[in-house]
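Chemist: One structure is given below, represented as structure tokens, and several questions about it will come after.
The values are calculated or read from the model by the stated rules, or taken from the named source; none is laboratory data. This one's a predicted model, so the numbers in the text were calculated from it and none came from an experiment. Using ideal geometry, Cβ is built from the backbone for each residue, glycine included, and neighbour counts are taken over all protein chains shown. The area values use the complete protein model at the heavy-atom level, side chains included, leaving out ligands, DNA and RNA. Shrake-Rupley method; radii C 1.70, N 1.55, O 1.52, S 1.80 Å.
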Amino acid sequence: MSETAIEFVHVSKLFGHGKNQIRAVDDVSFKIEKGKTLCLVGESGSGKSTTGKMVAGLLPPSEGKILYKGKDVSTLTHSESKQFRRAVQMIHQDPYASLNPIRSVAQILATPLQHHHIVRSKPELYRKMEELLEIVGLTPPRDFLFKYPHQLSGGQRQRVAVARALTVNPELIVADEAVSMVDVSLRVSLLNMMLRLQKELGVTFLFITHDLAVAKHFAWEGQLAVMYLGRIVELGDTQDLIADPIHPYTRALITALPEADPVVTRTKKRLILRSPDIPSLLNLPSGCTFHPRCPLYEEGFCEIERPASDVVNINGHLAACFVEARKRGQEDRIPEFVRFGGVKV
Ligand code: ADP
Ligand code: MG
């Protein structure tokens, strides 16, 4: 039986006060099964990092519940909370900023290993550090142990960041734009290294990227959630979502993939946005917040009410679009007053 690693139940995160208050994350629900991958994809400012930080326990939600192995994280005891923070590790976009420049790779790895009493002797420490470097593909390990971050390439630094996250045997890794700063030529091998980790160590992944091509590669066997202005507008198994994208925003993102991508050639439902501009979270459009950019926009139907994230539900493949709900025979899932052009009946 599958076991849920982490679950968001109607989670929102608000920042600021009064007129300046925004909902960086707005009513987001999802779950990730143990050992599986969920990838959040969306433009900058869509709330991906805020979601990631809440998963890692670095930010509390303003509304809703976060369950870790079925337990509300806000009610964990002190020792359970410590255990949770250790079980969930985060890898950031810029390893240069997250790795201390005056510490060698050995020092970076030794600190958590000793602090958490994962190793008990010097020989054991070195064995463990070498094993971790092998796992992340920094071989032979002895060539890397005594190097400093500035002596490594971007891809190698990111591998060190992954090795450091692995020191504490995490159950869940949040990788936020972990390959974005790495040279394109090294990106695939870094992605493949993380994929291998996931398979071999059974680590659960929340993988965050603004790049759908990267998302597709990493989460091919998992799930994708497309975020737009703080909401999940589409969620489903990656292969279903790519083969039959429901939300017009997802379809526009797929259209924007490089032409050589076979997925684009296969997907006939190409869509071009009406406007390239993302609205401000301080001044959101009414109804579906995507409507000013949406090629499927219908006046008197789309700007009335914000569609729920699951207004379209095709065997668990969810999307937040009234037009598609109607097209796909799910009209009964649309609130009545929306169907009747805003007239409350
Ligand atoms: P993404 O990672 O998708 O680019 P973020 O989660 O970083 O998006 O940000 C979502 C929105 O929340 C943005 O408008 C951002 O400016 C805002 N935001 C993020 N963190 C904070 C914060 N600590 N205080 C105020 N606003 C924030
Ligand atoms: Mg971000």
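Chemist: State yes or no: is Q93 within 16 Å of ligand 1 (Cβ to nearest atom) and either free of Cβ contacts under 8 Å to residues at least 40 places away in the same chain or touching a strand residue (DSSP E or B) at 6+ places or on another chain (Cβ under 8 Å) (or both)?
Modeler: Yes, satisfied.
Chemist: Within the range 262-272, does at least one residue satisfy the condition of being hydroxyl-bearing (S, T, Y), outside any helix (DSSP H, G or I), under 26 Å from V214 (Cβ atoms) and modelled with pLDDT under 95?
Modeler: If we filter the range 262-272 for residues that are hydroxyl-bearing (S, T, Y), which is where we start, we get 265, 267.
Still in the running and outside any helix (DSSP H, G or I): 267.
Within this subset, residues satisfying the condition of being under 26 Å from V214 (Cβ atoms) are 267.
Narrowing further to those that are modelled with pLDDT under 95: 267.
Taking every residue of the range 262-272 in turn, at least one turns out to be hydroxyl-bearing (S, T, Y), outside any helix (DSSP H, G or I), under 26 Å from V214 (Cβ atoms) and modelled with pLDDT under 95.
Chemist: Looking at the range 56-68 only, could you name the residues that are on the phi > 0 side of the Ramachandran plot and in contact (Cβ under 8 Å) with a residue 40 or more places away in the chain?
Modeler: Step one: list which residues in the range 56-68 are on the phi > 0 side of the Ramachandran plot, which gives 57, 64.
Of everything in the range 56-68, just one residue is on the phi > 0 side of the Ramachandran plot and in contact (Cβ under 8 Å) with a residue 40 or more places away in the chain, namely G64.
Chemist: If you check K82, K19, K36, K53, which single one turns out to be free of Cβ contacts under 8 Å to residues at least 24 places away in the same chain, of a type in the set (K, R) and surrounded by fewer than 21 Cβ atoms within 10 Å (Cβ to Cβ)?
Modeler: Working: K19 fails: free of Cβ contacts under 8 Å to residues at least 24 places away in the same chain; K36 fails: free of Cβ contacts under 8 Å to residues at least 24 places away in the same chain; K53 fails: free of Cβ contacts under 8 Å to residues at least 24 places away in the same chain.
So the residue among K82, K19, K36, K53 that is free of Cβ contacts under 8 Å to residues at least 24 places away in the same chain, of a type in the set (K, R) and surrounded by fewer than 21 Cβ atoms within 10 Å (Cβ to Cβ) is K82.
Chemist: For the range 153-161, does any single residue satisfy the condition of being assigned by TED's automatic domain parsing to the domain that holds A97, open to solvent by 20 Å² or more (accessible area, probe 1.4 Å) and away from ligand 2 (no atom under 16 Å from the Cβ)?
Modeler: Scanning the range 153-161 turns up no residue that is assigned by TED's automatic domain parsing to the domain that holds A97, open to solvent by 20 Å² or more (accessible area, probe 1.4 Å) and away from ligand 2 (no atom under 16 Å from the Cβ).
Chemist: Okay, moving on. Could you please let me know if G57 is at pLDDT below 95 and touching a strand residue (DSSP E or B) at 6+ places or on another chain (Cβ under 9 Å)?
Modeler: Details: at pLDDT below 95: yes; touching a strand residue (DSSP E or B) at 6+ places or on another chain (Cβ under 9 Å): yes.
In short, yes.
Chemist: Considering (1) β-branched (V, I, T); (2) out of contact with any Asp or Glu (no Cβ under 7 Å at 6 or more places or on another chain); (3) more than 16 Å from ligand 2 (Cβ to nearest atom), say which one V179 fails and leave the rest.
Modeler: (3)
Chemist: Among the residues of the range 71-87, is any outside any helix (DSSP H, G or I) and within 23 Å of F207 (Cβ to Cβ)? Spell out the reasoning first.
Modeler: At the first step, the residues of the range 71-87 found to be outside any helix (DSSP H, G or I) are 71-72, 76-77.
With the extra rule that they be within 23 Å of F207 (Cβ to Cβ), the set shrinks to none.
Looking through the range 71-87, none of the residues is outside any helix (DSSP H, G or I) and within 23 Å of F207 (Cβ to Cβ).
Chemist: So which residues in the range 30-63 are over 13 Å from H210 (Cβ atoms) and near ligand 2 (Cβ under 10 Å from one of its atoms)? Steps first, answer last, please.
Modeler: Step one: list which residues in the range 30-63 are over 13 Å from H210 (Cβ atoms), which gives 30-38, 50-51, 53-63.
The answer is T50, T51, K53.
Chemist: What residue, of V168, V119, V182, is touching a strand residue (DSSP E or B) at 6+ places or on another chain (Cβ under 8 Å), open to solvent by less than 20 Å² (accessible area, probe 1.4 Å) and β-branched (V, I, T)? Before you say what the answer is, go through the steps one by one.
Modeler: Working: V119 fails: touching a strand residue (DSSP E or B) at 6+ places or on another chain (Cβ under 8 Å); V182 fails: touching a strand residue (DSSP E or B) at 6+ places or on another chain (Cβ under 8 Å).
From the options V168, V119, V182, the qualifying one is V168.
Chemist: A further question follows. Where in the range 113-213 are there helices (runs of 4 or more DSSP H), lying wholly inside it, with at least 1 residues that are more than 28 Å from the chain's Cα centre (by Cα) and closer than 24 Å to R86 by Cβ?
Modeler: 122-135
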